[in-house]
Amino acid sequence: MGDNLFSGLGQLGLGDLEGVGVFEEEKKEEKKEEVSKPKEVTEEEILYDKTYKCPLCDNKFTSKMIRTGKNKLIGSDTDLRPRYTIADPIKYDCIVCGNCGYAALNRYFAKATSKQLDMIKQNISSKFKGVDETAPVYSYDEAFVRYQLALVNAVVKKAHASEKGYICLKTAWILRGKAEQLPEDMEGLEEAKKELQKQELQFIKNAYHGFKEAMQTEPFPICGMDEYTFIYLVAELARKCKDYGISLKLISDIITSKTVSPKIKDRARELKDLIKEEVSKK
Ligand SMILES: [Zn+2]
């Protein structure tokens with residue numbers, strides 16, 4: 001049969017296939033597909049498993065993290081919630097030990113004192129039933145549960161006001177992310193959005209409460225933010241809670257400061273305009 005694997009097929013009536021290559025066509029076709037359809041990067045593809053050791057129970061476990069690089073920052077909301085091209089990193093910011101229920105925002109995960117760990121052990125671990133970690137990506141609902149667990153951990157361990165406030169703020173962002181992701185053709189879309197906005201405002205109010213207290217009792221940087229970035233954020237939370245007097249006072253502190261960055265100053269001016277608009281509508 002020489003070099004041709006198929007010579008002789010003619011006997012079976014398949015003479016037109018005698019010249020076919022075993023692998024050539026396949027390769028060509030694959031290539032064609034790549035050219036015609038550039039593959040979109042999915043959320044799952046930019047995740048990886050990061051290993052943690054639980055400070056409470058010593059359990060080694062993995063938590064999903066977003067690889068930096070492909071997920072590009074495209075902007076932020078007025079309350080500094082970041083927006084990215086592919087995946088929302090806020091969903092992945094709570095680290096949860098599935099064994100004992102110890103949970104915290106990434107930045108606080110390793111920082112609990114032995115007294116705090118004791119309180120969590122007594123009040124949470126003794127009753128904790130575990131979380132489902134099998135999904136390849138976290139949905140907003142799954143992320144919400146993780147934030148609730150982090151918040152109850154923070155309450156039990158008597159965390160600083162800033163830590164509790166930060167968890168509340170990010171939980172509000174989770175609810176906003178969920179509302180944005182609801183399918184446009186969903187039944188009862190408007191009511192569902194309204195309900196999520198109502199829940200979001202509850203978390204915003206708690207974040208505002210915690211941050212206002214932190215501003216008076218904790219040294220800067222707070223939650224990794226420098227003084228004026230943090231004051232701007234509190235001013236915006238005050239606006240969302242319709243506490244316009246406080247908001248305008250903080251905005252004026254920012255605008256008249258000589259050391260604040262131009263970016264924050266601009267945002268503060270935008271906030272002032274927003275308040276003017278809202279007050280005039282009343
Ligand atoms: Zn643990």
*Carbon and sulfur together cover what percent of the accessible area of segment 94-222 at a 1.4 Å probe radius?*
52 percent
*So, with a 1.4 angstrom probe, what is the percent of accessible area on segment 226-282 that is carbon and sulfur?*
53 percent
*Sorting GLU45, GLU142 by accessible area (1.4 Å probe), largest first, what list results?*
GLU45, GLU142
*Of the listed pairs LYS70/LYS205; LYS212/LYS258; LYS60/LYS212; LYS178/LYS263; LYS127/LYS164, which have alpha-carbon separations greater than 32 Å here?*
LYS70/LYS205; LYS60/LYS212
*Considering the chain, which cysteines have no disulfide-compatible partner, defined as another cysteine with its Cβ under 4.7 Å away?*
CYS94, CYS168, CYS223, CYS241
_Accessible area expressed per residue, the chain, with surrounding protein chains retained (probe 1.4 Å, Å²)_ = 60 Å²
_Fully extended contour minus Cα-Cα distance, from THR85 to GLN181, at 0.36 nm per residue_ = 33.2 nm
*Note down the net charge around LEU237, summing +1 for each Lys or Arg and -1 for each Asp or Glu among other residues with Cβ under 9 Å from its Cβ.*
+1
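The values are calculated or read from the model by the stated rules, or taken from the named source; none is laboratory data. The structure presented is a predicted model; accordingly, all values stated were derived computationally and were not measured. Note that we place each Cβ from the backbone using ideal geometry, even for glycine, and neighbour counts take in every protein chain shown. With ligands, DNA and RNA removed, areas are computed over all heavy atoms of the protein, side chains included. Shrake-Rupley method; radii C 1.70, N 1.55, O 1.52, S 1.80 Å.
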